[in-house]
1. Excluding residue 252 itself, what net charge comes from residues whose Cβ is under 12 Å from its Cβ, given Lys and Arg +1 and Asp and Glu -1?
2. What helices in the chain pass both tests, a Cα length along the helix axis of 20 Å or more and a mean Kyte hydropathy of -1.0 or higher, using whole DSSP H runs?
3. When a/c is below 1.5 the answer is rounded, else prolate if a/b is larger than b/c, else oblate, so apply that to the chain with a ≥ b ≥ c taken from the square roots of the Cα gyration tensor eigenvalues.
4. For the chain, with a Gaussian network of springs between Cα atoms less than 10 Å apart, report the residue from 53, 198, 185 with the top mean-square fluctuation.
5. What relative contact order, as a whole-number percentage, does the chain give when Cα pairs under 8 Å and 6 or more residues apart are counted?
6. Taking 8 Å as the Cα distance limit and 6 or more residues as the minimum spacing, I'd like the relative contact order of the range 1-132 as a percentage.
7. Cα centroid distance between the range 18-57 and the range 71-98, in Å?
8. Once you place label points 7 Å from the Cα toward the Cβ at residue 80 and residue 25, how far apart are they in nm?
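Values quoted throughout were computed directly from the atomic coordinates according to the rules given, and no laboratory measurement underlies them. Fair warning: this is a prediction, and the values are worked out from it, not measured in the lab. We place every Cβ from the backbone using ideal geometry, glycine too, and count neighbours over all the protein chains shown.
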Amino acid sequence: MMALVMASEGEAELSIIGAARRYWREQASLRNGVAATGALLHAFWEFLRDSTPSRLRQRFGDADYDWEYRVNTTSGAVGWRERLLGNFYSAYQPTDLPSFHEMLEVLRQHASLEFSEFTFIDLGSGKGRTLLMASEYPFRRVLGIELLPTLNQTACENIQKYKSDSQKCFDLKSICGDATRFPLPEGPLVVYLFNPFPEVPLRDAVQNIEKALASHWRPLYVVYYNPQLERVLAESTFLRRVVVMPQYSIFAAVN
Ligand SMILES: C[S@@+](CC[C@H](N)C(=O)[O-])C[C@H]1O[C@@H](n2cnc3c(N)ncnc32)[C@H](O)[C@@H]1O
């Protein structure tokens, strides 16, 4: 069943002022008020820099996938509001196709995984490209959680539009909500992260995973692409790093 889901939770428009305040508070809790103000100004500066025509052209450089599958997953076509919010949460950027397949192949070989027993869940799934790519594997279910309603809406449309002769999983959903607090589904999981959160919410997300494992242990792998805050996962006593590559790391739940 190919599903189109618009969850009511988290659908409310996120305010830019609220997101900036929250970002300042998180930065201040990690460092101090002066550093937090500097980080906030830097986020606004990054937004302005990212608005130049040359940067826009660069972002459209990832559009090959969209041509191939007639979908809209490029970071080039993202509104200014979502781009600015992205600087406080994390900027939308889709995972590239070859890297995604490499990570899943490495996971399959490392753990001799039967994908059909696992749900794939992308925390911070954006326009849903990973959901489409994951549907090329025989996962039991594929699920994405995205904070920004417009990106989630595009992901839902992409799920409907996607057509591929080699698609193997048809139970696909994109849900709008806060992925750091989302109740993880039961059963074996492959949790995918592509730098979706700054440090404080990433710690919340790891705690959420730990809570799910503590209440019901199950095989669980975290595939972390471009792992800028890998140390946060490495500190967890529930997770063990099983694959380390320059571009990604894979963690397994410890029983
Ligand atoms: C780098 S993009 C990755 C997109 C997608 N996972 C992929 O690999 O193609 C990170 C995404 O995380 C989303 N995000 C940030 N904070 C979030 C949160 N608390 N809950 C859900 N999504 C969040 C951002 O809006 C953005 O779309």
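1. Numbers: positive: 218, 240, 241; negative: none.
With Lys, Arg at +1 and Asp, Glu at -1, the net is +3.
2. Helices passing the filter in the chain: 16-30, 33-49, 97-111, 199-215.
3. Oblate.
4. Result: 53 has the largest fluctuation of those listed.
5. Once normalised by length, the contact order is 19 percent.
6. About 19 percent, as a whole number.
7. Spelled out, the Cα-based centre of one part sits 16 Å from the other.
8. Label-label distance for residue 80 and residue 25, simple model: 2.8 nm.
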